[in-house]
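No lab work stands behind these numbers, since they all come straight from the coordinates. All values derive from a computational prediction rather than experimental measurement. Counting neighbours? That spans all protein chains shown, and the Cβs are built from the backbone with ideal geometry, glycine included.
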Amino acid sequence: LGWFAETQRSSDEEPKAKEKAQPYTLELAAGLPLADPHPEIQLDYSKLGVAKAITEANSLCTQGNLTEAVKWFTKGLWLLESRHAKEEEPHDLHSALLSNRAFANIKLLRWSAAESDCSEALALNSRNTKARYRRALARHEMGRSEAALADVEQVLTDHPASSRSQEAVSVKHNITEK
């Protein structure tokens, strides 16, 4: 009810406990999480903090420490999405971070999380071929063959001569055999 209800109360009503007002922030308006998802990971609230999160997450992926990599990717995304980095977020960087977290989630067999990250990455940058390819993998594993096939075919259309195409052909073959 807030302050307005307090001012409208008649004099004979029992006073109510005042509700604590939530500050109106960009995060709140956008429905973004306000709390730091990984406070144990200390990063600067800057473009350099995002870069450090990416570097560390990629290193952890290379080492096979995928659960920790997901945490670092998540922290970097939180810095971008909550505007704590105090920089305009380039959509390509945001899309790449989501796609990289999806890669780690695929390796961890977290298909739904990977699909969600890839879909969000593609909403930011529809030309993100890695996100489309990874979404196809996740969808295939989730039994969503039609959607997976559409993604693989788009990868093959967009990049017919790349090395990724050979992988996509293999995935397409696996999808159509089921």
Pairs Lys47/Lys75; Lys47/Lys130; Lys71/Lys130; Lys75/Lys130; Lys130/Lys172: which exceed 18 Å Cα-Cα? Lys47/Lys130; Lys71/Lys130; Lys75/Lys130
In nm, spacing of pseudo-spin labels at Ala35 and Ser126 (7 Å Cα→C-beta vector): 3.8
In percent, what relative contact order does the range 40-178 have, based on Cα pairs under 8 Å that are 6 or more apart in sequence? 16
